[in-house]
Amino acid sequence: MNMKEEIIALKDQLSQIIVENLQSNNHLKNEIEQKENEKHDLLKDLSINIIDIIDSFENIEEWIVENEYNEIDEVKRTTSRFKTIHRRLLGLLQNHGITKVEFPDNRLIVGLCEVVETEADSQKKNDEIISVIRNGYIRGKELIRPAQIIVVKN
C-alpha cells in the first residue's frame, strides 16, 4: 500500500471513529434527557402525594374548628403537632421549588385554577374569588395541581 492509500485508509478510520463518537454522544444525551424526565415525573408524583397529605391536615383542622373542638386543651396540643407536620411538608415542597398558587388580587387566574362553583354577589366583581376549596401548587411555570375555587358570577 502506498502512502496515498494509507492516508485515505486512516482518513476513513478517523471518519468512522468520529461518527461512532457522535452516535455515542447522542445516545448519552438521550439517556440523560430520559433520566431527567423520569426524575421530573417522580418529583411531580411524590409532590402530588405530599399535597394530598397536606389537604388531609387542612381538612382535619377545618373540621376541628367547625365542631369547636379547638377549645379543648388536649385538642389544641394535638392540633399544634399537626400544624408542625403541615409546615414541614410545605417546607419540603418549597425546598423543591413547589409553592401554593397565590391570588394577589383575589381574582381568578386562568390556567392556574378550576372554577368548581359560581355565586352571584352584587357587592363584588365578576371572577373575584369567594373561596378556595382546594389549594393549587406550582413549580416555576409548571402547574402541579390547579386550585379549586368558587368565584363571583353576576
* To do: Kindly provide the GluC sites (Glu not before Pro) of segment 74-154 that DSSP labels as loop, not H, G, I, E or B, and whose Cβ sees at most 16 other Cβ atoms within 10 Å.
  => 102
* Can you give me the Cα centroid spacing of segment 1-17 and segment 80-142 in angstrom? -> 66
* Structure fact -> For the chain, the longest principal axis of the Cα atoms and the Cα long axis of helix 3-66 enclose an angle in degrees, to the nearest 10, of 10
* Asked: For the chain, modelled as a Gaussian network with Cα springs under 10 Å, which listed residue fluctuates most, 77, 87, 134?
  -> 77
* Asked: So how tilted is helix 73-95 from the main axis of the chain? Cα-based, degrees 0 to 90, rounded to 10.
  -> 30
* Structure fact -> Least to most buried among 80, 56, 122, by other C-beta atoms within 10 Å and fewest first, runs 122, 80, 56
* Asked: Anyone know which of 89, 42, 14 comes out most mobile in the 10 Å Cα GNM of the chain?
  -> 14
* Compute the Cα gyration tensor for segment 48-115, then decide on rounded, prolate or oblate, letting a ≥ b ≥ c be the square roots of its eigenvalues: rounded whenever a/c is under 1.5, prolate when a/b is larger than b/c in the other cases, and oblate in all that remain. => oblate
* Identify which of the listed values of log10 I(q)/I(0) by the Debye sum over Cα atoms at q = 0.13 Å⁻¹ was calculated from the structure shown: (i) -0.53; (ii) -0.72; (iii) -0.80. => (iii)
* **Assigned charges on the beta-carbon of Lys, Arg, Asp, Glu; segment 99-154 dipole about Cα centre (debye)** => 220
* Top of 133, 48, 18 by mean-square fluctuation, Gaussian network on the chain, Cα under 10 Å -> 18
* **segment 41-154 - percent relative contact order, Cα under 8 Å, separation 6 or more** => 25
* Asked: Using +1 on the beta carbon of Lys and Arg, -1 on that of Asp and Glu, and nothing else charged, what's the dipole of the chain about the Cα centre, debye to 20?
  -> 460
* To do: Determine, for segment 1-80, the count of lysine pairs separated by eight or more sequence positions (or lying on different chains) whose alpha-carbon distance falls under 28 Å.
  => 4
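No lab work stands behind these numbers, since they all come straight from the coordinates. The structure displayed is predicted, hence computed values, not measured ones. For neighbour counting, all protein chains shown are included, and Cβ atoms are generated from backbone atoms with ideal geometry for every residue, glycine included.
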